[in-house]
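A short worksheet on the structure shown next.
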Amino acid sequence: MGPVVEVRSLKYSYPDGTEALKGVDFRLEAGEGVALLGANGSGKTTFALHLNGLLSGSGAVRICGMEVTPASLAAIRRKVGMVFQDADSQLFMPTVIEDVGFGLLNQGLAPEEVCERAQIALEQVGMVGTGSRAPHHLSAGEKRRVALAGILALDPEILVLDEPTTFLDPPGQRALSDLLRNLPQAKILITHDMPFALATCSRAVFFHDGSVAAEGPVEEIAARFGWGFAAR
Ligand SMILES: Nc1ncnc2c1ncn2[C@@H]1O[C@H](COP(=O)(O)OP(=O)(O)O)[C@@H](O)[C@H]1O
Ligand SMILES: [Mg+2]
């Protein structure tokens, strides 16, 4: 089986002329966990947004062998589950359970099954009992968890999480790394949290100024760029 994500020479400039990606090559194998590290503004989020076609630069992006094009977008988005850096942009239904079940309902599942799967996903992220609450009343960390539940409920092949431990309390961070470590999916985790990266990923890719500066074992890459535990 080939890689689940394969990116070649990806370049992207924002409309204001900012060159955010300057030729990125990247591969992710099935079931592999990779941490994307790098300074603020180095291009990590811009890169992630290409993986399900929210942005489209020059170069090639293939998901499970499928080129990301307007025609393949629907299929691509079933394969790639993305939790955004800003959970507010992901939550929009009146209640938590409706939000978590939204994608499943959209796929045409029966309401009872949607409800059941949404409850399981809420349990996975430690948010049991919040189904009837309004997402916009939740704390930032709780919103993060609900956004993740909505993605987990869809059971995508590849999970892309942008700074998922931000706003989570320490027990929440540990619970998230335990959960992710035990999920069979391939994972791309954008993070500045080295203990979290170490616990969940076998490899790190370090972004610098729109390019991949280095990749290798998480500890090695963190140490090389002074992002190890001592540096924190
Ligand atoms: N909507 C935008 N318009 C213009 N420039 C942007 C936009 N979003 C991000 N950028 C710029 O693109 C570069 C990469 O940003 P980003 O991918 O968000 O970095 P990271 O996620 O690594 O912090 C930065 O210079 C950032 O300022
Ligand atoms: Mg970012």
Between Ala149, Ala175, Ala204, which is more than 15 Å from ligand 1 (Cβ to nearest atom), small (Gly, Ala, Ser) and crowded, with 17+ Cβ neighbours inside 10 Å? Ala149
Search the range 20-39 for residues being near ligand 1 (Cβ under 9 Å from one of its atoms) and part of a strand (DSSP E or B), and hand back the single one that is surrounded by the fewest Cβ atoms within 10 Å (Cβ to Cβ). Ala20
In this structure, is Asp162 surrounded by 16 or more Cβ atoms within 10 Å (Cβ to Cβ) and within 20 Å of Gly31 (Cα to Cα)? yes
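Identify, please: which residue in the range 36-59 is farther than 18 Å from Thr69 by Cα and hydroxyl-bearing (Ser, Thr, Tyr) and is, among those, farthest from ligand 2 (Cβ to nearest atom)?
Taking the candidates together, the pick is Ser42.
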Is it the case that Val24 is within 16 Å of ligand 2 (Cβ to nearest atom), out of contact with any Pro (no Cβ under 6 Å at 6 or more places or on another chain) and at pLDDT 95 or above? yes
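In the set Ser9, Ser42, which member is part of a strand (DSSP E or B) and polar (S, T, N, Q)?
Ser9
Each row is one residue, and each column tells you yes or no for (1) within 16 Å of ligand 2 (Cβ to nearest atom); (2) in contact (Cβ under 8 Å) with a residue 60 or more places away in the chain.
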position	(1), (2)
Val4	no, yes
Asp16	no, no
Ala20	yes, yes
Val34	yes, yes
Glu67	no, no
Pro70	no, no
Phe84	yes, yes
Gln107	no, no
Looking at the structure I just gave you, is Gly103 under 17 Å from the mean Cα position of the chain (by Cα), buried (at least 18 other Cβ atoms within 10 Å of the Cβ) and over 28 Å from Pro217 (Cα atoms)? yes
Qualifying positions in the range 146-174 - touching a helix residue (DSSP H, G or I) at 6+ places or on another chain (Cβ under 9 Å), farther than 23 Å from Phe102 by Cα and assigned to a helix (DSSP H, G or I): Gly172, Gln173, Arg174
Name the single residue that is modelled with the lowest pLDDT among those in the range 112-142 being touching a Gly at 6+ places or on another chain (Cβ under 8 Å) and assigned to a helix (DSSP H, G or I). Gly141
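The values are calculated or read from the model by the stated rules, or taken from the named source; none is laboratory data. As the structure is a prediction and not an experimental result, all values here were calculated from the model. Glycine gets a Cβ as well: all are built from the backbone with ideal geometry, and neighbour counts include every protein chain shown.
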